[in-house]
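Enquirer: Please find one structure pasted underneath; my questions will follow.
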Amino acid sequence: MYAEFTENLATGNEMIDSQHKELIQKINDLLDSCEKSSDKVVAIKTLDFLSDYTEYHFNAEEQLQKDIEYPGYDKHKAQHEEFKKTVEELHEMLVEEEGPSPAFVAKVQENVINWLYTHIQGFDRSVAEYKFMRENNERL
């Protein structure tokens, strides 16, 4: 199962949505590399690309939350830290195994894709809505 950016994942914030699309592409690149090759090095490098982009995205989201004085910042940041741990665990799993196993792919689908969908639909949408309300407060 590959990830897909659908309308129910749209937050209405252009920066967040475009980065989510890129993040989903990185996840799919990882799954694709696992499907096409059993080479551990390729999978590790692809996971590293996903990890790097995740770090970039989380930093951008967290800066946005600081800029708008988002009241749920600490909870949101804790969610990001949880996800980073998940990616670290996946990295350890890849290093310990001969290559990207079916168990590894299942973990990516369960712990990355499902987490991301839930996170976007709840936490990230809330940030985008808060930003919109702050910017449009005088018009309401």
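The values are calculated or read from the model by the stated rules, or taken from the named source; none is laboratory data. None of the values given here were measured: they were computed from a predicted structure. Glycine gets a Cβ as well: all are built from the backbone with ideal geometry, and neighbour counts include every protein chain shown.
Enquirer: Can you pull out every residue in the range 21-32 that is under 12 Å from residue 113 (Cβ atoms) and under 12 Å from the mean Cα position of the chain (by Cα)?
Expert: The answer is 23, 24, 26, 27, 28.
Enquirer: Here's a check for you: in the range 8-18, which residue that is farther than 21 Å from residue 109 by Cβ and in a helix (DSSP H, G or I) is farthest from the chain's Cα centre (by Cα)?
Expert: Looking at residues that are farther than 21 Å from residue 109 by Cβ and in a helix (DSSP H, G or I), I get 14.
Enquirer: May I ask you to say which residue of 61, 22, 7 is out of contact with any helix residue (DSSP H, G or I) (no Cβ under 8 Å at 6 or more places or on another chain) and within 30 Å of residue 136 (Cα to Cα)?
Expert: From the options 61, 22, 7, the qualifying one is 7.
Enquirer: Suppose we filter the range 62-109 for residues that are hydroxyl-bearing (Ser, Thr, Tyr) and modelled with pLDDT under 90; how many remain? Give the steps one after another, and end with the answer.
Expert: So in the range 62-109, the residues hydroxyl-bearing (Ser, Thr, Tyr) come out as 70, 73, 86, 101.
Applying the additional criterion that residues be modelled with pLDDT under 90 yields 101.
Total satisfying the criteria: 1.
Enquirer: Another question, if that's okay. Just one of the numbered conditions (1) surrounded by 15 or more Cβ atoms within 10 Å (Cβ to Cβ); (2) in contact (Cβ under 8 Å) with a residue 12 or more places away in the chain; (3) among the small types (Gly, Ala, Ser) is not true of residue 10; which one?
Expert: Every listed condition holds for residue 10 apart from (2).
Enquirer: What pairs can you find where one residue is in the range 99-115 and without any contact (Cβ under 8 Å) to a residue 40 or more places away in the chain, the other is aliphatic (A, V, I, L, M) and in a helix (DSSP H, G or I), and their Cβ atoms are less than 7 Å apart, with a gap of 6+ or different chains?
Expert: Close Cβ pairs (under 7 Å, with a partner that is aliphatic (A, V, I, L, M) and in a helix (DSSP H, G or I)) amount to 107/90; 107/93.
Enquirer: Test residue 27 against the criterion of being crowded, with 20+ Cβ neighbours inside 10 Å, over 30 Å from residue 95 (Cβ atoms) and touching a Leu at 6+ places or on another chain (Cβ under 9 Å), and give yes or no.
Expert: For residue 27, the condition - crowded, with 20+ Cβ neighbours inside 10 Å, over 30 Å from residue 95 (Cβ atoms) and touching a Leu at 6+ places or on another chain (Cβ under 9 Å) - is not met.
To keep it simple, each residue is scored yes or no on (1) touching a residue at least 24 places away in the same chain (Cβ under 8 Å); (2) over 28 Å from residue 128 (Cα atoms).
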{"site": "3", "(1), (2)": "yes, no"}
{"site": "6", "(1), (2)": "no, no"}
{"site": "46", "(1), (2)": "no, yes"}
{"site": "81", "(1), (2)": "no, no"}
{"site": "84", "(1), (2)": "yes, no"}
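Enquirer: Being modelled with pLDDT of 90 or more and basic (Lys, Arg) is the filter here, so list the residues in the range 22-44 that pass it.
Expert: 26
Enquirer: A further question follows. Name, by its number, the condition in (1) closer than 23 Å to residue 6 by Cα; (2) crowded, with 16+ Cβ neighbours inside 10 Å that does not hold for residue 122.
Expert: The number of the failed condition is (2).
Enquirer: Quick one: in the range 33-60, of everything that is within 14 Å of the chain's Cα centre (by Cα) and surrounded by 15 or more Cβ atoms within 10 Å (Cβ to Cβ), which residue is nearest to residue 106 (Cα to Cα)?
Expert: Here the residue is 47.
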